[in-house]
1. If a residue has to be more than 19 Å from the chain's Cα centre (by Cα), open to solvent by 10 Å² or more (accessible area, probe 1.4 Å) and closer than 21 Å to B:Ala133 by Cα to count, how many in region B:166-220 make the cut?
2. Count, please, the residues in region B:227-240 that happen to be without any contact (Cβ under 8 Å) to a residue 60 or more places away in the chain and either open to solvent by less than 10 Å² (accessible area, probe 1.4 Å) or under 24 Å from B:Arg363 (Cβ atoms) (or both).
3. Looking at region B:286-304 only, could you name the residues that are open to solvent by less than 40 Å² (accessible area, probe 1.4 Å) and either at pLDDT below 95 or closer than 14 Å to B:Ile334 by Cβ (or both)?
4. Name the strands (runs of 3 or more DSSP E) wholly within region B:107-163 that hold at least 1 residues that are surrounded by fewer than 24 Cβ atoms within 10 Å (Cβ to Cβ)?
5. Is there a residue in region B:87-106 that is open to solvent by 50 Å² or more (accessible area, probe 1.4 Å), touching a helix residue (DSSP H, G or I) at 6+ places or on another chain (Cβ under 8 Å) and modelled with pLDDT of 95 or more?
6. Only one of (1) open to solvent by 40 Å² or more (accessible area, probe 1.4 Å); (2) closer than 30 Å to A:Leu285 by Cα is not met by A:Ala271, so which one is it?
7. In this structure, is A:Val220 β-branched (Val, Ile, Thr), within 26 Å of A:Cys280 (Cα to Cα) and touching a Lys or Arg at 6+ places or on another chain (Cβ under 9 Å)?
8. Of the conditions (1) away from chain B (no Cβ under 14 Å); (2) in contact with a Pro (Cβ under 6 Å, 6 or more places away or on another chain); (3) under 17 Å from A:Asp138 (Cα atoms), A:Glu101 clears all except one; give me its number.
There are 2 protein chains.
Amino acid sequence: MTAFAVDATDGDARTGTLVTVHGPVRTPAFMPVGTHATVKALHPDEVRATGVDILLCNAYHLALRPGIDLIERAGGLHRFMDWEHPILTDSGGYQLVSLVEVATVDDDGAVFVSPYDGSRLRVTPEDAVSNQARLGADVLMCLDHPVAHGTAPDAARAATERTHRWAERCRAAHPGDGRLLFGIAQGGFDADARAASARFISGLDFDGVAIGGLSVGEPVDTMLAMTAASVAELAPGRPRYFMGLGTDSELLAAVALGVDMFDCVVPTRLARNGSALTPCGRVSLRNAAAREDFGPIDPDCPCAACAGFSRAYLRHLFQSGEILAHRMVSLHNITHLARLMDAARVAIREGCFAEFRAERDGRLLSAPR
Amino acid sequence: MTAFAVDATDGDARTGTLVTVHGPVRTPAFMPVGTHATVKALHPDEVRATGVDILLCNAYHLALRPGIDLIERAGGLHRFMDWEHPILTDSGGYQLVSLVEVATVDDDGAVFVSPYDGSRLRVTPEDAVSNQARLGADVLMCLDHPVAHGTAPDAARAATERTHRWAERCRAAHPGDGRLLFGIAQGGFDADARAASARFISGLDFDGVAIGGLSVGEPVDTMLAMTAASVAELAPGRPRYFMGLGTDSELLAAVALGVDMFDCVVPTRLARNGSALTPCGRVSLRNAAAREDFGPIDPDCPCAACAGFSRAYLRHLFQSGEILAHRMVSLHNITHLARLMDAARVAIREGCFAEFRAERDGRLLSAPR
């Protein structure tokens, strides 16, 4: 069985469909992040209305709170959070870089220290897969060992090799049952190491492969070079997922290289700070310029924020510390990225992705800042 | 023209309809509070879906931020906040008790000091009416001078007399144009003074009369005695509004006395603290008891929170500091009070309000705490 089909290509860019137990995911796809089993500030029906097919939750965070057992008893993650569409869960690997609460990492696995109560949580590659399967995720991610930008080459190499050993163990623990398991390629910031890691992970015949450990502070050129080196070694018939990317022009650059899936906290994090995404760049709704702007964030956007409210009203809500502001801009920002992916899919199908990308990049570059 | 019609009575309780330019208000009515032109955490479509017909905004707060001019230029308060149904605005009188930022109060009016930027805002009775009319409110409230519970009788009497002089000036400033202007009766905590104030205000032929300065810390028996003394002097053909009441059994007690309208911040404030209203009393969703409770807040409630989410999930959201928790419990709590008013209207129409009230009070009293 094959869960992924490429429907059309345009250069290296492609559009396709990933079939999961909870429905199809149209690619290129942007996945909003719901770390704690909720996309910050949004109701699941609103998330769906943005046009996204799939969201990301974090099995590591959910294992700490409220616990895998509890969600399993609640009927699984979909039912717990009332989202009946596809869910991809991250394994916790990324937390080996981003969290300070890691007690030990060795070949057996990682021991985390809960930031909530100081308790310890041991996660082996097998645990990571089992936890995600018990949550009921549609797409499970291997436990990997990424490294921070600037890590010494020897340490980066060792982490990539560990990622490979863990990937083999995760692959052996594939739960089947219709769930999809994605490997994660690493390789630090060396193109040869990236290519080798992608080749190794691709050879384990996962349902898809993620490119991990990028967009962590390196220059954009480096990021794209590492992506290209990885993609070149990946099987064309499997989905490719760039972990942690969420700005318009970088998303389109990665789509151009043949990447199919993305996730990022940027749209909700920016929203919290009053920053709205538009085809002409970011707009700060806290700025005085919005005070008497009675137009919407984006007149072409069909979201509830743009349909109902002016920039002046949203600014008033931010000034007053009102939650509706955070809600509406989160909704808008995710809608913006969902529509960007939708437009990319159409452009690829119509064979004009390069023109589409150039037009979008041009609007971003020419916008007044 | 008469904007209010009593459709049925049952003892002193009555059900009726207040007609405004933006639609009818079925009474008894609960009005959620949207101080800053937003009911905290909720989208206006959600507020409407709770079953309420009208909401309350605060002209004093809106005059300070974002300013009456700005809202007027935005097309008025309804358009600014995207709520096309009735709006009642409070004048700022209540802030003479609740705010510390009052510079001076004399017969001419009050001078407020903005808590946001220290600027001074002078509000005369005429300003209060004019500000509310410029906002586009359907129901405008007079500027009044309430006093805190425990105020010396002389000071209470002076404030009530000032309230009467201000009421005459507000009445003379009635903007017409389909807008309704309500007087506010005071009288402190003396039944004779309450009766005299209600008689005076009722004599000014407002479109409705509010009972102000109660539910500010006095015993419930006192509150109800003051309410009864006031209602006895009010014209039966005009709506009666108890300012600031929002708990089930007190609402039903006031309805039994013939009160038609209510507002309160309690449902949204409780929600923020994780406390949900049910026919059996308040439930704290932060308590350990909710941890593995996979049922909804109230199985009989049709709101989105009860339709989609378990108490266990909502508790997880509160534990994680997630906004969706605040949203969902706000939605539920307002729905709860809207349904209470709806059930009261039905019971009055069917002539069984006393039985209905006894049954509801019985469930509250017999509930395990």
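The values are calculated or read from the model by the stated rules, or taken from the named source; none is laboratory data. All values derive from a computational prediction rather than experimental measurement. With ideal geometry, Cβ positions are generated from the backbone for all residues, glycine too; neighbour counts draw on all protein chains shown. When the accessible area is computed, the model is the full protein with side chains, heavy atoms only, and any ligands, DNA or RNA have been set aside. Shrake-Rupley method; radii C 1.70, N 1.55, O 1.52, S 1.80 Å.
1. Total meeting the criteria: 12.
2. Selection size over region B:227-240: 2.
3. If the condition is that a residue be open to solvent by less than 40 Å² (accessible area, probe 1.4 Å) and either at pLDDT below 95 or closer than 14 Å to B:Ile334 by Cβ (or both), then B:Ile297, B:Asp298, B:Cys301, B:Cys303 are the ones that fit.
4. B:109-113, B:120-123
5. no
6. (1)
7. For A:Val220, the condition - β-branched (Val, Ile, Thr), within 26 Å of A:Cys280 (Cα to Cα) and touching a Lys or Arg at 6+ places or on another chain (Cβ under 9 Å) - is not met.
8. (3)
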